[in-house]
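Structure first, commentary second.
Here, each number is a calculation from the coordinates, and none is a lab measurement. Just so it is clear, the model here is predicted, and its values are computed rather than measured. Positions of Cβ are generated from backbone atoms using ideal geometry, with glycine treated the same way; all protein chains shown enter the neighbour counts.
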Amino acid sequence: MPLTASPPRILVVEDDPTVSEVVTRYLEREGFVVEVAFDGAVGLERALADPPELIVLDLMIPSLDGFEVCRRLRATAPVPVIMLTARGEEADRIVGLELGADDYVSKPFSPRELTARIKAVLRRAGGAVATAGEPTILRAGALEVDTVAHEARRAGELVSLTSREFDLLVHLMRNPRRAFRREQLLEQVWGFAYGDTSTVTVHVRRLREKVEADPADPRHVCTVWGVGYRFEP
């Protein structure tokens, strides 16, 4: 008999039982396996002991808030994270993205929207697959990216990138000297036809901190004023 892939496992860290129940029910109907933790410490422990395919993380949770969970998680594991934030709390969203979250959904939200975001993040986290004719090893200066191994190195040293940062870097490197608007990157890398372009801005800043010798004066991931960003090989 042929082997079938196990359904993706989602860890929901949310202290509101009504929200967690609705999200769990909807995600299970969509074919996901769902585990729920009601506080940050338990959620972090479970995520580190047996990493899920993705974590849905509320920011305002007991014991350890979502920021601290994300910070500790990012220090050891590249598991994709979608944050749940209060509507209008832009500062919280920016901090969460700075800590390495892949995306966010503002409360109140529809389970359908959250599911769409989860599927988009998981699709991208599966790896930036090369199409026919595209190289699987990308090089620029001291940077080397292996799209098959899902690894990036600078001057031979392994660079720890989140799945979204990796995809952003690969997309830019595959399109050298092409200027992208933030809206284009949001659609082509994140898979969203609309959204908050500050997500792109934060990820570019984080990417520069990891791959540039001088993030304040980037050699590769350059700003095109009035447009967006381009990659200089």
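Per-residue ellipticity at 222 nm computed for the chain from its helices equals -11500 deg cm²/dmol, with DSSP H segments shorter than 4 residues left out and the rest contributing -39,500 (n - 2.57). Under the convention that each Lys and Arg Cβ holds +1 and each Asp and Glu Cβ holds -1, the size of the dipole of the chain around its Cα centre is about 880 debye. For the chain, the longest principal axis of the C-alpha atoms and the axis of helix 163-173 are separated by about 20°. Taking 195, 40, 96 as the candidate residues, the one with maximal mean-square fluctuation in a Gaussian network model of the chain, Cα springs under 10 Å, is 195.
Compute the helix-to-body angle for 198-211: its Cα long axis versus the longest principal axis of the chain, expressed 0 to 90° and rounded to tens. Approximately 60 degrees, to the nearest 10. How much of the DSSP beta bridge set in the chain is antiparallel, as a percent to the nearest 5? Roughly 50 percent of the beta bridges in the chain run antiparallel, per DSSP. Longest segment of the chain with no chymotrypsin sites (Phe, Trp or Tyr not before Pro) in a DSSP loop having at most 10 other Cβ atoms within 10 Å? Result, exposed sites excluded: 1-193. So if I take the centroid of the Cα atoms in segment 133-177 and the same for segment 80-107, what is the distance between those two points in Å? Each part reduced to its Cα centre gives a spacing of 25 Å. Net charge in the neighbourhood of residue 228 (other residues with Cβ under 15 Å of its Cβ; Lys, Arg +1, Asp, Glu -1) is +3. Counting 0.36 nm for each residue step from residue 35 to residue 177 and taking away their Cα separation leaves a gain of 46.8 nm.
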